[in-house]
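Take a look at the structure set out below.
The values are calculated or read from the model by the stated rules, or taken from the named source; none is laboratory data. As the structure is a computational prediction, the values presented were derived from the model and not from experiment. Cβ placement follows ideal geometry from the backbone for every residue including glycine, while neighbour counts extend to all protein chains displayed.
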Amino acid sequence: MYFRSQKKTAGDVSLSDTLETNKDGTALSVQDVVASDEDLFEDLARKEDARKLHRAVADCLSPREQELIRLRYGLGDTAPLRQQDVAQRLGISRSYVSRIEKKALEKLRHALE
């Protein structure tokens with residue numbers, strides 16, 4: 001019985017277990033290796049902000065404005081593009097991209113307030 005219980009816990013590791021010790025005598029523990037620098041609440045807040053932005057884009061903007069904002073700011077896992085690149089892709093002038101972008105950003109600003 002004793003050997004069975006020891007076998008079950010043989011692979012268990014404590015977070016405070018030391019992995020190695022540096023030359024200066026400081027110990028590196030398991031907790032140091034698996035600890036995350038990200039703050040959980042900040043991560044959740046960022047995700048909620050992103051959801052609100054995507055919802056506002058879908059609810060407040062015309063399809064053309066949505067496409068322009070998506071391309072310009074890299075929403076939806078795309079790389080952000082310069083106004084000139086967006087203009088070429090949409091077949092319009094760069095100055096028209098600027099006007100549409102300004103109008104769309106103003107709509108989003110009001111929606112998110």
Selection from the range 104-113 of residues surrounded by 14 or more Cβ atoms within 10 Å (Cβ to Cβ) and either within 23 Å of the chain's Cα centre (by Cα) or over 12 Å from Leu53 (Cα atoms) (or both) yields Ala104, Leu105, Leu108, Ala111
Search the range 21-51 for residues being at pLDDT below 70 and over 30 Å from Leu108 (Cβ atoms), and hand back the single one that is farthest from the chain's Cα centre (by Cα).
Val30
Check the range 69-82 and report whether any residue there is touching a His at 6+ places or on another chain (Cβ under 8 Å) and surrounded by fewer than 18 Cβ atoms within 10 Å (Cβ to Cβ).
yes
Considering only residues that are more than 21 Å from Cys60 (Cα to Cα), of a type in the set (Gly, Ala, Ser) and assigned to a helix (DSSP H, G or I), which ones fall in the range 71-110?
Ala87, Ser95
Can you pull out every residue in the range 65-100 that is charged (D, E, K, R) and over 20 Å from Arg51 (Cα atoms)?
Arg82, Asp85, Arg89, Arg94, Arg99
Hits in the range 48-65 - residues which are within 23 Å of Arg82 (Cβ to Cβ), part of a helix (DSSP H, G or I) and touching a residue at least 12 places away in the same chain (Cβ under 8 Å)
Leu53, His54, Val57, Arg64, Glu65
